[in-house]
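Student: Handing you a structure now.
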Amino acid sequence: MTRAPCANDRDRCAAADFVCREGGGRRNGPGVGQVSSEGDAVGGPPQPAGRPDGPRGPRERRTPGPRGGNLPYRRRILLALAVLGVTGVVGAGAAAAGRGGAEPVHAEARRPASPVGEAPREVTESEADLLHAAEQILLRDCMREKGFVYEPVPRQPVPDARDFPYVIDDPEWARDHGYGSDIDRKREEISTEGVNERYFRSLPQERRAPAIAAATGARPDGLTARAPDGLTITRSPDGCQSQAERGLYPDLAAWFQARVTVDSLPPLRGGKVIADGEFQGATQKWSACMRTAGYEFQDPAAARAALPPPDQPLPREREVAMAVAEAGCAHTSGLAETAARLDRAYDAELREKYGSDVTTWLRLRGEALPRAGSVVEADAKR
């Protein structure tokens, strides 16, 4: 089941194993949303049915379950760096958190997200920033103690990146970014020239394996979680990734299981939405609208598939015109409203079905806020 993100580039794969974070899909569009390094809501953007897994966590092992484990599965890796998405953006319009490079965060969260006795809630965006910044600081300090360098990275390295899981439905964003090829190029630039990836490439060959072990542990064993799609995922409880997470979530086993479940829900939800008859009916109306505008696409996924790679984009005028037409048709056809309504309905259904892990996820993140505030505050005083 393991798929190397860069099978023909040994050093690049090693860098991905050292400090790897999945950074989202190739295009904004049906199921191709970006997930942040930390702070994703349970109702985050789905991944398209049939899209291969992205790079997974360093030294995590997956075993197919009784149902085959073939559903698309989107992993968020909290050990930040490498091949896709967010890599070592230090000083790129973001001040340091303490002496690290993550965006500045005020350590105002001194209480859990939910008072005792109340149902846990989603953390806010600023609280998610706080959790991310604290984890980056802990990761940096742990790697430093082991004799390696790691620079914190911001939670949102490309601020204009947006999630359009089913169809682009924001005409203003489409006028500014088309289908996001400019954002894709920026993300690729960050991923190949980030400070952490450059550092790893600078290490002598004999230091690279120890760096990977320091970050992720020697073997992907010790923590086990079962995903809703039947995959069994194991990971080391050692290494700086686990140590940083344990500093915020002391019950690391419960955190790992909850995170695996929550990370699996968006693609499951997206598959349900796309297969729904209402969505398919609205998609037909969208297709007819696009045909009137001069574009022959059966659905938004077909429009995405027709685009050239980000490094060879359409002329900007053509890309923008097509994206603006898609956004306009998303509204006049009713596809945008239908997709949003179905997405909420299936999100609620999955939250209920996997309620135990979802509740644990929300509770542990809320309880981590005071710890995160202390970490960020202490780092700022150094």
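Student: Looking at the stretch 311-332, I want the residues that are of a type outside the set (S, T, Y) and have a partner that is part of a helix (DSSP H, G or I) and open to solvent by 30 Å² or more (accessible area, probe 1.4 Å) with Cβ atoms under 7 Å, at least 6 apart or on another chain. Which pairs are those?
Tutor: D311/R185; V320/R175; V324/P171; V324/R175; A327/P171; G328/P171; C329/C289
Student: Something else about it: Report yes if some residue within the stretch 192-213 is open to solvent by 30 Å² or more (accessible area, probe 1.4 Å) and closer than 30 Å to E319 by Cβ; otherwise report no. So that I can check it myself, show each step before the final result.
Tutor: Residues of the stretch 192-213 that are open to solvent by 30 Å² or more (accessible area, probe 1.4 Å), as a first pass: 192-193, 195, 198-199, 201-202, 204-207, 209-210, 213.
From what is left, the residues that are closer than 30 Å to E319 by Cβ are 192-193.
Scanning the stretch 192-213, I find at least one residue that is open to solvent by 30 Å² or more (accessible area, probe 1.4 Å) and closer than 30 Å to E319 by Cβ, so the answer is yes.
Student: Consider D221 against the criteria (1) surrounded by fewer than 22 Cβ atoms within 10 Å (Cβ to Cβ); (2) of a type in the set (D, E, K, R); (3) closer than 30 Å to E352 by Cβ: it satisfies all of them except one. Which criterion is unmet?
Tutor: Checking D221 against (1) surrounded by fewer than 22 Cβ atoms within 10 Å (Cβ to Cβ); (2) of a type in the set (D, E, K, R); (3) closer than 30 Å to E352 by Cβ, the one that fails is (3).
Student: Among P120, P154, which is within 30 Å of R246 (Cβ to Cβ), touching an Asp or Glu at 6+ places or on another chain (Cβ under 6 Å), buried (at least 16 other Cβ atoms within 10 Å of the Cβ) and not hydrophobic (A, V, I, L, M, F, W, C)?
Tutor: Testing whether each residue is within 30 Å of R246 (Cβ to Cβ), touching an Asp or Glu at 6+ places or on another chain (Cβ under 6 Å), buried (at least 16 other Cβ atoms within 10 Å of the Cβ) and not hydrophobic (A, V, I, L, M, F, W, C) leaves just P154.
Student: In addition: Among the helices (runs of 4 or more DSSP H) confined wholly to the stretch 150-209, which include 1 or more residues that are under 30 Å from R344 (Cα atoms)? Explain how you work it out, then say what you get.
Tutor: Values: elements: 171-177, 181-193, 195-202.
Filter on the stretch 150-209 gives 171-177, 181-193.
Student: Just to be sure I understand, how many residues within the stretch 237-267 are more than 15 Å from G355 (Cα to Cα) and either among the aliphatic types (A, V, I, L, M) or touching a residue at least 24 places away in the same chain (Cβ under 8 Å) (or both)? If you could, list the steps in order and put the result at the bottom.
Tutor: Applying the first criterion (more than 15 Å from G355 (Cα to Cα)) to the stretch 237-267 yields 237-253, 256, 267.
Going one step further and asking which of them are either among the aliphatic types (A, V, I, L, M) or touching a residue at least 24 places away in the same chain (Cβ under 8 Å) (or both), we end up with 239-245, 247-249, 251-253, 256, 267.
Of the residues in that region, 15 qualify.
Student: Collect the residues in the stretch 124-147 that are under 16 Å from L248 (Cα atoms) and not acidic (D, E), keeping them in residue-number order.
Tutor: To start, the set of residues in the stretch 124-147 that are under 16 Å from L248 (Cα atoms) comprises 127-142.
Passing the criteria: A128, L130, L131, H132, A133, A134, Q136, I137, L138, L139, R140, C142.
Student: Oh, and also: Applying the selection to the stretch 336-366, what residues are touching a Lys or Arg at 6+ places or on another chain (Cβ under 7 Å) and either closer than 25 Å to F279 by Cα or open to solvent by 40 Å² or more (accessible area, probe 1.4 Å) (or both)?
Tutor: D343, Y346, D347, L350
Yes/no matrix, rows are residues, columns are (1) in a helix (DSSP H, G or I); (2) farther than 30 Å from G328 by Cβ; (3) within 20 Å of the chain's Cα centre (by Cα):
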{"site": "D229", "(1), (2), (3)": "no, yes, yes"}
{"site": "S242", "(1), (2), (3)": "yes, yes, yes"}
{"site": "V260", "(1), (2), (3)": "yes, yes, yes"}
{"site": "E278", "(1), (2), (3)": "yes, no, no"}
{"site": "T283", "(1), (2), (3)": "yes, no, no"}
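The values are calculated or read from the model by the stated rules, or taken from the named source; none is laboratory data. Everything quoted here is computed from the prediction, not taken from an experiment. Positions of Cβ are generated from backbone atoms using ideal geometry, with glycine treated the same way; all protein chains shown enter the neighbour counts. The accessibility values were calculated without ligands, DNA or RNA, using every heavy atom of the protein model including side chains. Shrake-Rupley method; radii C 1.70, N 1.55, O 1.52, S 1.80 Å.
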